[in-house]
Amino acid sequence: MAPFIFIAIFIGGINDASFGALFPAFMINEFFSDKEIGYLFFIGLFAGVISQPFIGALADKINKRNFIILLLSMHLVWPILLNNTSIIWIAVIIYGIASVSLYTVTLAYLGERVNVAELSIATSVFIIVFESGEFFGPIIVGSSMDYFGNIGFIYSLISFTFLSLLFGLIRTVYIKNKNGI
């Protein structure tokens, strides 16, 4: 049906649930207070919600596949920025925008790819795949943190996102070559 959409949203589920469940543990180990962590959560999610009208308008004008690749690239950047405490606010803003927007844009892209008769089943599968990522994400990322220490949070998120991004880029090149573009 649309493998890149489902891989991207599975990784989106991993990132979302891991951020919600393990970001506080990561930040406490980096010596941030509960109050600072709460502010970071708020700022990141607020940025994600506020960006939605702009993301929606932009998604209507540009290629959604390329937009998903851009959002996955943003998911590669924000964990790296977590190591620099002076720009950590930028990292969580990037996370909020990329995270909330990835769900929105992949769902819109799915709507374009399937016909009306298949839309309800495709949406159901989409939600199941996203929730599977949310289920397995904290387990995998938490295990990575146990094995590698606090940096395992960043390693695991970057690894999964990179694989998803690589798959998307390969599929994009394959589709262009197949269509002779």
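Contact order for region 107-163, expressed relative to its length and based on alpha carbon pairs under 8 Å spaced 6+ residues apart, stands at 20 percent.
The residues Tyr155, Tyr147, when put in order of fewest to most other Cβ atoms within 10 Å, stand as Tyr147, Tyr155. Note: relative contact order over the chain, using C-alpha pairs below 8 Å and six or more positions apart, is 40 percent. Scaled against 2.2 N^0.38 Å for its residue count N, the alpha carbon radius of gyration of region 52-144 is 1.24. Across region 3-174 the C-alpha pair distances fall into 10 Å bins from zero in the proportions 10, 39, 36, 13, 2, 0 percent.
Quick note: the coordinates plus some simple rules give every number you see, no bench work behind them. Keep in mind the model is a prediction, meaning the values are calculated, not measured. Every residue, glycine as well, gets a Cβ built from its backbone with ideal geometry; the counts of neighbours run over all protein chains shown.
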